[in-house]
Amino acid sequence: MHWIALRWSLDSDAPDAPQLPTPEALGWWALEYTPHVAWQDEALMLEVSACERLWGGRLQLMRQLVAANPAPDVRMLGAQGATSLIALARLRLFEINAPRPKDVPAGLPLETLTAAHPHLDLLARLGCRSWGEVAALPRGGLTRRFGTELRTALDTAWGLRPEGHDWLTLPDVFEQKLELPALAETAPELMWSANRLLFALQIWLRARQRGARALELQWTLDLKRFNGVNLPPHQQVTVRTAEPTQDLAHLRRLLSEKLVLTTLAAPVSWLRLRTLETDPWAGASTSFLPEDNRKGDKLHEMVERLSVRLGAHQVVVPCAEADHRPERKQAWRPALQKDKAEPGKARKEAKAAASQPDAIYPPWLLPEPLLLEMDGERPCYRGPLSKLVGPQRVEAGWWGGKEDGGQPAMRDYYVAESPEAGLVWIFRERHSALFSSGEVRWYLQGFYA
């Protein structure tokens, strides 16, 4: 067996110091290199004997681990050994700048063995300062005096006893909690700690090869009652994206915009981040053409930020409707609203109508059709109108309710010419013995540029 021990060393606990991913996230990152990953004391342990050749050998694997450091602003220390205890001991020697003994494991100092820490003073009085000197003591007496843990650790270090570890696994759904270093009283203060959770989320997404579509950030309130009002135990905000993403900067901006508009009901002590929706990740699309690889935000990312900042109903997009009435062929919905399940035929008809627009439809429609004055039997708009193209017959809306006036639309459309307004789009209401009766009425509905 061959073990690699890794440890990240933070030189400062100041607020502006680099942030380290959560221990779970570091373990998920290491799973990219070997399925055998476990935490042992303060170090992350990787057993790589079965896969090191796939990475080009031990030296090449160590270089890749250093190059792919998940916290590039934080110093990462590493050491190797035939057992996890030897690798951990060498890592501790490197941290304290102690000389490396030639005889391993016998020459390793006792300070590097976790099981010996409770007995260092007594072992020193017995003249034992290395692993080999303790291992040379009578087995029975050592066990009776110091317990079985020390003797078991020594047997494991020499390879006389198999190692047992709780291997890390990658969860199916991301959900992590984090205790804040100090109570937060405003929502923007939560972002400093939320960055660690977002960093862990990015590592999980990459390991699972998925992109985030919806996230929930929840925080625990430190008070149950404030100003005589009972408070809920939690508050939360939800962030949704139009496309699956692994972009940490984009998720951070969206979450920041949400938190700026949020008021905390009480100081906050805990944070929890979890995924609500994820999709398989196909990777980022790129192009060989330099003009297609421009720097800057993508359109959907800008739309998402504006929707969060201004409100979902303030940023809308058009969508096709399964209706032949021109004023009903298109509707507006929030840009971040997820499309509902297709209702079958109606949805397909809407797509067909959007993909095959009528050639004579004008580029500009009035919000509501304008009733035209009549000169005898001739409609007028800035002068008498001359019909040029038509009729185009439309019969629709028989399924409508009160919002449609209780009657279907039965119209004949024409392209007409006005002496002053130019080309216009008009229609005549047709009579129906079942639904309507009365005089003929003409309406103006659109203009041509």
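Readers should treat all values here as calculations from the given coordinates under stated rules, not as data from a laboratory. These numbers were taken from a predicted model, which means no experiment stands behind them. No Cβ is skipped: glycine too gets one built from the backbone with ideal geometry, and neighbour counts run over all protein chains shown.
With both labels modelled 7 Å from their Cα along Cα-to-Cβ, the residue 332 to residue 19 distance reads 3.7 nm. Taking every alpha-carbon pair under 8 Å whose residues sit at least 6 apart, the range 3-157 reaches a relative contact order of 22 percent. Annotation: amide H of residue 442 within the under-5 Å range of 372, sequence separation 5 or more or interchain, hydrogens built in the peptide plane.
Residue by residue, the range 258-265 carries 3J(HN,Hα) couplings of 5, 5, 4, 8, 10, 10, 7, 6 Hz when phi is fed to the Karplus relation 6.51 cos²θ - 1.76 cosθ + 1.60 (θ = phi - 60°); x denotes Gly or Pro. Put simply, the amide H of residue 423, placed in the peptide plane, has neighbours under 5 Å in 418, 448, leaving out anything fewer than 5 places away on its chain. By the beta-carbon count within 10 Å of each Cβ, the least crowded to most crowded order of 361, 413, fewest first, is 361, 413.
For the range 1-136, the gyration tensor built on C-alpha atoms gives an oblate shape. Its axis ratio a/c (a ≥ b ≥ c) is at least 1.5, and a/b is not larger than b/c. Here the gap between residue 207 and residue 75, fully extended at 0.36 nm per residue and compared with their Cα-Cα distance, gives a gain of 45.3 nm.
The trypsin sites (Lys or Arg not before Pro) of the range 61-112 that DSSP puts in a loop, and whose beta carbon has at most 13 other beta carbons within 10 Å, are 102.
Separation of the range 362-396 from the range 48-121 is 85 Å, based on Cα centroids.
The residue 276 and residue 393 beta-carbon pair, evaluated with R₀ = 60 Å, returns a calculated FRET efficiency of approximately 0.80. Rounded to the nearest whole Hz, the Karplus-based 3J(HN,Hα) values (6.51 cos²θ - 1.76 cosθ + 1.60, θ = phi - 60°) of the range 75-91 follow the sequence 5, 10, 9, x, 8, 10, x, 6, 10, 5, 5, 5, 4, 5, 5, 5, 5, with x at glycine and proline.
Modelled label positions at residue 120 and residue 420, each set 7 Å beyond Cα in the direction of Cβ, lie 9.9 nm from each other.
With Cβ to Cβ distances under 13 Å as the rule, what net charge do the other residues near residue 418 carry (K, R +1; D, E -1)? Overall, the nearby charge balance is -1. Take every Cα pair under 8 Å whose residues are at least 6 apart in sequence, average their separation, divide by the length of the range 32-111, and the relative contact order is 14 percent.
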